[in-house]
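The values are calculated or read from the model by the stated rules, or taken from the named source; none is laboratory data. The model shown is predicted, which means the values in this text are computed figures rather than measured ones. Here the Cβ is made from the backbone with ideal geometry for all residues, glycine too, and neighbour counts use every protein chain on show. Ligands, DNA and RNA are stripped out before the accessible areas are found, and what is left, the full protein with its side chains, is counted by its heavy atoms. Shrake-Rupley method; radii C 1.70, N 1.55, O 1.52, S 1.80 Å.
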Amino acid sequence: MKNNKVNDLLIRRMVSRELFMKFIYQNELLGGDWKDLYNKLNTFLDGVEDDAIEIHKENGGRELEPLETYRDSILDGSYLMDMASTVELNISEIDEYINKYARNWTVESLPKVDLSILRVAIAEIKYTAIVPNGVACDQAVTLAKRYCDDNAYKYINGILGSIIG
């Protein structure tokens, strides 16, 4: 029973991380500011239920019961709240890390998906205690392999490795 709860939490965290990355990506594309992220995130989550359920299933999540809401069943609300607050409070420093360690790239020149993945991972590594550094790197590489150009995961992994030092 305990193993199922741990596995469920890991799947919820993966779904939440991927959706948060997509939210950061959307905010960047729309030229949004970095204030009031939690409320913006809640609005974003209102429109991504089908995507969330698909990500949940792809990661081995169980079928939802008919009366379950996707937010309560497949998202890690505390993770999302922590990440929204962390990025809002630390976006300037997060971007400084990217500019410092991304050779020949800046936050202005990086592809926006790559930038979004890096922002999430750096927030996890530098400003939260909820995700081990190795897990943050591994998950960033996994997202990069899924959403970025073929070799992007290599430099994303390199940037994060330099930050962890």
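How big is the gap, in Å, between the Cα center of the stretch 26-41 and the Cα center of the stretch 98-165?
Each part reduced to its Cα centre gives a spacing of 19 Å.
Which shape class, rounded, prolate or oblate, goes with the chain when its Cα gyration tensor gives a ≥ b ≥ c as root eigenvalues, a/c under 1.5 marks rounded, and past that a/b bigger than b/c marks prolate?
prolate
Here are some pairs, K22/K154; K57/K145; K40/K154; K35/K154; which of them have Cα atoms lying more than 27 Å apart in this structure?
Those over the limit are K40/K154; K35/K154.
Determine the shape class of the stretch 1-87: with a ≥ b ≥ c the square roots of the Cα gyration tensor eigenvalues, call it rounded for a/c under 1.5, and otherwise prolate if a/b is greater than b/c, oblate otherwise.
It is prolate, given that a/c is not under 1.5 and a/b is the larger ratio.
Rounding to the nearest 20 debye, state how big the charge dipole of the chain is about its Cα centre with +1 on each Lys and Arg Cβ and -1 on each Asp and Glu Cβ.
About 560 debye.
Could you sort D76, D149 by their accessible area in this structure, using a 1.4 Å probe and putting the largest first?
Result of the area sort, largest leading: D149, D76.
Please compute the per residue accessible area over the stretch 20-156 with all protein chains in place, 1.4 Å probe, rounded to a whole number of Å².
53 Å²
Hey, any idea what % of the stretch 1-113's accessible area is carbon plus sulfur with a 1.4 Å probe?
About 50 percent, which is the carbon plus sulfur part of the accessible surface.
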